[in-house]
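J.: Just dropping this structure here.
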């Protein structure tokens with residue numbers, strides 16, 4: 001069957017009432033958590049894993065994907081109106097978007113973000129549908145050694161390439177990999193790093209780690225900081241864009257999509273980098289350079305499109321290779337595993353209906369999000385007015401609910417607290433969080449591929465660099481590791497961090 | 001977070017401590033892996049390979065931290081307030097200890113009140129009952145409707 005037929009078939013699945021309902025729940029939840037500062041899609045999906053344990057896999061995964069897409073929409077609302085990005089991929093949106101809101105142009109800023117997200121989501125999801133079968137063919141030709149190289153590349157890009165310190169990123173990754181070792185070794189039954197504690201034999205729950213790092217760690221960090229009252233910019237005037245706004249936005253949307261999707265689709269890690277690149281592209285190409293820094297609409301339209309396009313792009317390596325390149329994708333991988341599904345080329349063969357329903361439902365979810373975020377934006381703005389004490393008390397209550405639901409034992413809550421303190425420490429000293437989560441989930445898979453490769457070669461390590469694919473992947477990984485270090489040495493590494501920091 | 005300001009006078013203590021902790025972690029993994037009773041293997045690669053590699057990786061990172069600590073010097077960081085953190089940690093500990101004996105609602109209600117207190121919202125005699133009430137509603141939805149196994153205590157058995 002060609003892609004169109006598969007997609008049409010998937011659309012029939014996605015339009016079933018039950019799947020539509022779950023998509024709606026997903027996008028609504030996703031928008032809400034995207035809007036709320038302090039919680040994001042990764043945490044929400046992690047919290048829902050234990051709840052959805054007994055649900056239908058297709059419906060649950062559609063809901064998770066809806067949360068992922070929704071989070072990307074919701075984050076922009078917070079950036080524009082509050083100047084506090086709801087999630088990291090919206091940092092750039094705050095640069096121009098908040099300036100627009102202060103000038104009373106919050107409406108058009110929200111509109112160009114929402115429509116741009118829609119355009120990008122639509123194009124990128126169709127891109128996902130067309131690239132996936134091709135990627136599956138490529139993935140089937142890969143051996144264990146190639147997979148291992150691919151995972152090494154993902155490790156490097158997630159942790160080192162685009163953070164401001166490779167040392168800190170790799171340290172976060174190493175912590176995640178260490179936590180991934182805990183428990184019984186699947187191939188030999190050997191218990192590792194359990195320190196004689198039977199509770200650790202099953203390994204460390206992804207839910208517990210993610211919830212602890214994202215919710216508990218964040219709550220501790222926010223509580224520890226001196227409280228600053230955030231100023232919510234009211235949405236004045238029309239949310240509709242005028243002719244000039246449209247004229248200035250549509251090219252930025254397309255350019256943002258063209259930048260964001262490939263970055264997400266290649267295992268290059270994170271949606272942030274696409275937004276930064278799109279921002280600097282728009283800044284270079286604009287006919288109104290004087291407006292940049294004072295509320296240029298292109299500076300909202302481009303990065304928001306890039307943000308959503310790379311979110312959709314991230315699903316390409318996740319679905320076709322089983323390779324998560326962001327924290328949310330890593331948790332979604334755990335969601336697949338919960339239902340006994342392993343993303344990768346075989347998923348497309350064995351669970352074709354599920355995969356194509358999921359992809360088609362993203363198109364539906366995207367349309368729902370446009371409706372939810374344009375006419376109903378006022379509703380979401382009210383979420384921003386929730387006072388911090390109630391917000392974080394609620395987040396902590398639900399965070400522990402998810403952990404207790406997965407495993408109702410005081411030991412699990414003890415781990416939640418311990419990892420929560422770890423999460424606080426990571427934030428306190430500027431270590432990234434995502435590599436820890438990706439390390440925990442991808443680490444054991446990488447080890448499995450490594451051992452499989454070495455078992456085939458009877459222990460000869462040179463098998464790892466025998467195939468041209470593996471060699472190319474290692475070269476890219478080395479570049480991703482060394483190039484930023486080189487740029488940093490030449491004083492250019494500051495560009496990225498400055499972009500985020502130069503706002504008042 | 002404010003941009004770190006480099007000052008003269010010794011290494012960055014935080015980076016040094018983190019470096020030492022990473023070194024300890026590397027040593028613990030190495031020692032634990034050494035202690036594994038490994039039976040004869042077909043391949044030379046067994047369950048101990050990855051821990052050894054990771055132990056080495058952590059050791060390199062530890063050295064990297066120590067070097068960075070001396071290269072960058074003392075970094076100024078904003079002081080964090082300890083009291084609110086203690087309220088949150090205390091709430092989590094209380095919930096952990098009381099979950100089994102008193103059930104989900106009371107334990108989580110206490111956590112809720114402690115967390116609100118951490119962000120300066122009180123008084124506890126008001127927020128504790130509020131938290132317990134909300135948690136009971138959550139319990140009814142998730143344990144009652146969604147069949148999630150949340151421990152029941154005296155309060156839950158009173159209703160259910």
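Laboratory data are not the source of any read-out in this text; all were calculated from the coordinates shown. Keep in mind it's a predicted model, so treat the numbers as computed, not measured. FYI the Cβ positions are ideal-geometry reconstructions off the backbone, even for glycines, and counts take in every protein chain you see.
J.: Sort the protein assembly as shown into rounded, prolate or oblate with this rule: let a ≥ b ≥ c be the square roots of the eigenvalues of the Cα gyration tensor; rounded if a/c is under 1.5, and if a/c is not under 1.5, prolate when a/b is larger than b/c, oblate otherwise.
T.: Rounded, since a/c falls under 1.5.
J.: Turning to a different aspect of this structure: With a cut-off of 8 Å between alpha carbons and a minimum separation of six or more residues, what is the relative contact order of the range B:82-159 in percent?
T.: RCO, the range B:82-159: 35 percent.
J.: Which order do the peptides A:364-374, A:206-216 come out in when sorted by mean C-beta neighbours inside 10 angstrom, highest first?
T.: A:206-216, A:364-374
J.: Return the single residue from B:120, B:131, B:46 with maximal mean-square fluctuation; model: Gaussian network over chain B, springs between Cα atoms under 10 Å.
T.: The residue that fluctuates most here is B:46.
J.: Once the Cα atoms of helix B:104-118 and of chain B are each reduced to a long axis, what angle between those two axes, in degrees from 0 to 90 to the nearest 10, is obtained?
T.: The helix B:104-118 is inclined about 70 degrees to chain B.
J.: For residue A:240, project a label point 7 Å along Cα to C-beta. Then give me every residue of the range A:99-117 with its amide nitrogen under 19 Å of that point.
T.: Residues A:105-116 fall inside that zone.
J.: If you don't mind, another one. With the radius of gyration and the Kirkwood radius both derived from the Cα set of chain B, what is their ratio Rg to Rh?
T.: 1.19
J.: For helix A:298-321, report the angle its Cα long axis makes with the longest principal axis of the Cα atoms of chain A; keep it between 0 and 90° and round to the nearest 10°.
T.: With rounding to tens, the tilt is 20 degrees.
J.: As a footprinting exposure proxy, order B:141, A:331 by other Cβ within 10 Å, with the fewest listed first.
T.: Taking fewest neighbouring Cβ atoms as first place, the list is B:141, A:331.
J.: Another question about this same structure. Throw me the Rg/Rh for the range B:82-159, computed over C-alpha atoms with Kirkwood Rh, two decimals.
T.: Using Cα coordinates only, the ratio equals 1.00.
J.: Nearest 10 degrees is fine. How inclined is helix B:49-72 to the longest principal axis of chain B, computing both from alpha carbons?
T.: For B:49-72 against chain B, the angle is about 80 degrees.
J.: Pop the C-beta distance of residue A:16 and residue A:385 into the FRET formula with R0 = 30 Å and round what comes out to the nearest 0.05.
T.: The formula returns an efficiency of 0.25 here.
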